[in-house]
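Following: one structure in structure tokens, then a few remarks.
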Amino acid sequence: MIEQQFIPQAYSNTVSQGTVSWESPSNIALIKYWGKKKDQIPENPSISFTLNACKTTTVLSYSKKEETSGFDFEVYLDGEHKPDFQPKIKTFFERVFVYLPFLKDYSFKIETSNTFPHSSGIASSASGMSALALCLMSLENQFAPEMTSEFFNKKASFLSRLGSGSACRSIEGDLIVWGENKTVKGSSDLFGVKYPYAVHENFKSYQDTILLVDKGEKQVSSTVGHNLMHGHPFAVQRFAQAHDNLAKLKPILESGDLDAFIALIESEALTLHAMMMTSMPYFILMKPNTLEVINKIWAFRKETGLNVGFTLDAGANVHVLYPKAEAEAILDFIKKELVVHCQNGQFICDEIGFGAKALTK
Ligand code: PMV
């Protein structure tokens, strides 16, 4: 499938005003996307668990304008007008205008809220951008009711990617691959696809407890971080490694080998941070408490043999990953040993989810 297929033909319907609403989840990458080409094309493939509890709800109200001029929209977070969100959404509208040519014909009100605390260090871009893209797709669906649900999801993922790369992995669940690669048939740089192969019971209902180690503003935005992979001394090897790791993950997912799974995802997390530490300029996004948590997870795993592992985003927070069957003992360990390393003792219990939901269509 190529970009042109997302450019609509003349619409069969028109709509004067209305409201659509979606809730869309966050996701956590197991194999990390870090480095991109023009138009949010990833330098390497990634795979993520879709989350369940961490999500954004967006209500999009629209009314047809008298005359077509520029983009006309207002953004609200938790009922509060947010003019500072305007530039990011405007850039998104500019990027997707060719695929949604009705955007200049309407006045929009975008009302959004997150289930996770704002400035918790949890990026809202994946859930937020995917929720907005889905709302816009619901509107387009009214102009083009003949659209299949498969095309709807594909285009929603395609548009989300243009808002924030990883957002394209939030439309569906429970394991999503983004970025063309040989291991996963049907994979694409343009949108996320459901992981199409066998997945062992061990990985169903996988748990993700997110430890909010540091809730401060990120030192480096992901845009800046991705760009630092241009000319990075280890870029070529890293991109090749992500392809290899995806190939290695396939038999692990099939057999349910938790030791191999943990080794692979922890190595991916530390590699992501190693890329930041070895870019120019260089960054350390982990905090002392990030390392305390990692060392305690390793010691606990050695002592108990339980299958607890971690992954990291481009920040200091730790995602503690473990199978549901071991949840009781591991959650007890988290509460007794790890929560002291969280800012204000804050953590979020999440688990694998199955994608976005329409609240109204
Ligand atoms: O979607 P972005 O541009 O915010 O980049 C996300 C990058 C990581 O979260 C670090 C990795 C990933 O694959 O989600």
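The values are calculated or read from the model by the stated rules, or taken from the named source; none is laboratory data. This one's a predicted model, so the numbers in the text were calculated from it and none came from an experiment. Cβ atoms come from the backbone with ideal geometry, glycine included; neighbour counts cover every protein chain shown. Side chains are part of the model used for accessible areas, which takes the heavy atoms of the whole protein and leaves out ligands, DNA and RNA. Shrake-Rupley method; radii C 1.70, N 1.55, O 1.52, S 1.80 Å.
Using a 1.4 angstrom probe, figure out how much accessible area the stretch 186-239 has per residue, in square angstrom, rounded to the nearest whole.
Details: 2520 Å² over 54 residues.
Spelled out: the 1.4 Å probe surface of the stretch 186-239, per residue, equals 47 Å².
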Gaussian network model of the chain, springs between alpha carbon atoms under 10 Å - residue of Thr115, Thr290, Thr56 with greatest fluctuation: Thr115
Semi-axes of the equivalent ellipsoid for the stretch 1-126, Cα gyration tensor, largest first, Å: 27, 22, 14
Label-point separation, Asp257 to Val236 (7 Å along Cα→Cβ), nm: 3.0 nm
The chain: DSSP helices with Cα axial extent of at least 18 Å and average Kyte-Doolittle hydropathy no lower than 1.0: 258-277
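Starting from the Cα gyration tensor of the stretch 202-351, multiply each eigenvalue by 5, take the square root, and state the resulting semi-axes largest first in whole Å.
Over the Cα atoms of the stretch 202-351, the semi-axes work out to 26, 21, 12 Å.
Before I look further, what does the stretch 315-361 give for accessible area per residue, probe 1.4 Å, in whole square angstrom?
In whole numbers, the stretch 315-361 has 50 Å² accessible per residue.
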Per-bin percent of Cα-Cα distances, the chain [10 Å]: 5, 25, 33, 24, 10, 2, 0
Segment Tyr282-Asn344, length gained on full extension (0.36 nm per residue, minus Cα span): 19.5 nm
Computed label-point distance, nm, for sites Lys248 and Ala325 using a 7 Å Cα→Cβ extension: 2.4 nm
Share of carbon and sulfur in the accessible heavy-atom surface of the chain [1.4 Å probe, %]: 52 percent
Filtered trypsin sites (Lys or Arg not before Pro), the stretch 1-89: DSSP coil and at most 12 other beta carbons within 10 Å: Lys65
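Tell me the mean residue ellipticity at 222 nm calculated for the chain from its helices only (DSSP H runs of n ≥ 4, each -39500 (n - 2.57), averaged over every residue, nearest 500).
Working: 8 runs with 116 residues, N = 361.
Counting only the DSSP helices, I get -10500 deg cm²/dmol.
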Förster-model FRET efficiency, 25 Å R0, Phe151 and Thr360, C-beta, rounded to 0.05: 0.80
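Pull out the extension gain between Ala274 and Ser205, defined as 0.36 nm times the separation in residues minus the alpha carbon to alpha carbon distance; nm, one decimal.
Numbers: separation 69, 0.36 × 69 = 24.84 nm, distance 2.97 nm.
Difference between extended and current length: 21.9 nm.
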Virtual paramagnetic centre 7 Å along Cα→Cβ of Lys82, amide N under 15 Å, in the stretch 186-229: 217-218
